[in-house]
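Notes follow once the structure below has been shown.
The values are calculated or read from the model by the stated rules, or taken from the named source; none is laboratory data. Everything quoted here is computed from the prediction, not taken from an experiment. Here the Cβ positions follow ideal geometry from the backbone for every residue, glycine too, while neighbour counts run over all protein chains shown. Please note that ligands, DNA and RNA were not included when accessible areas were found on the heavy atoms of the full protein model with its side chains. Shrake-Rupley method; radii C 1.70, N 1.55, O 1.52, S 1.80 Å.
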Amino acid sequence: DGSELSAEQQADWRAARAATFAQEDLVLASTLYERFLASGPPDPLATLASYYLATLLGWQGDLQAAWQGLDAIRRRDAEIETESGFPLKSCAEIQLIRLSWFLPDAEKPRAELLSSLCARAVLEPYIRHHGLTFPILLDPDSRAAGAWRVTGIPATFVVRPGGEVAGMAAGARE
């Protein structure tokens, strides 16, 4: 919640989050997260900041640094959730899958990540937290993704009762 942070840490955290959501200056946002992390914040904010920094590095094209940061978060034992209630490990896995399409020799890790992420137990806390009642398809072997021409994960489809696709969104949304 940020109550354990110094005034400077709170200011850096707020500025980094604002720069991230504005998506106007990703280099500035990265610099603010790096400064925040260098100040030694407590968990879970330190891990959240590491996740946001790694994601930003990926967006900026530093795929190896992004992979290393996200993989470290995925391997942690801590059960940390995002502000929206989704397990941070799962968010890191989603970003790693996204990165794996652009990195050589990442096909095997991508398959393992998809299998892990598509476990119902991973999604249940998020589903409960948000009171979701619509059907959720888990597709560990990507057969449905191929058939529906999914270009990013997660993918959301709105399907009319007759089976016609009314809309589609690819990629994570906060």
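What the table shows:
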quantity	calculated
Projected label distance in nm at Glu83 and Glu8, using a 7 Å step from Cα toward the beta-carbon	2.4 nm
Net dipole in debye of the chain [+1 Lys, Arg Cβ; -1 Asp, Glu Cβ; about Cα centre; nearest 20]	560 debye
Dipole of the chain, positive direction: furthest Cα of Gly163, Thr47, Ala11, with charges on the beta-carbon	Gly163
Extended-chain gain in nm, criterion 0.36 nm per residue less alpha-carbon gap, Leu138 and Glu112	7.9 nm
Net lengthening on full extension, Leu103/Phe21 (0.36 nm per residue, minus Cα-Cα)	26.9 nm
Estimated [θ] at 222 nm from DSSP helical runs (n ≥ 4, -39500 (n - 2.57)) normalised by residues in the chain, nearest 500	-17000 deg cm²/dmol
Spin-label pair Asp62/Ala170, simplified geometry with 7 Å Cα→Cβ offset, distance in nm	2.7 nm
Ranked by how many other beta carbons lie within 10 Å on average, peptides 29-37, 49-57, 15-23, 156-164 from highest	49-57, 29-37, 15-23, 156-164
Residues of the chain: accessible area per residue with a 1.4 Å probe, Å²	60 Å²
With every protein chain in place, region 1-93: carbon and sulfur % of accessible area (1.4 Å)	51 percent
Given charges at Cβ of Lys, Arg, Asp, Glu: region 1-91 dipole, positive-most of Ala66, Leu26, Leu37	Ala66
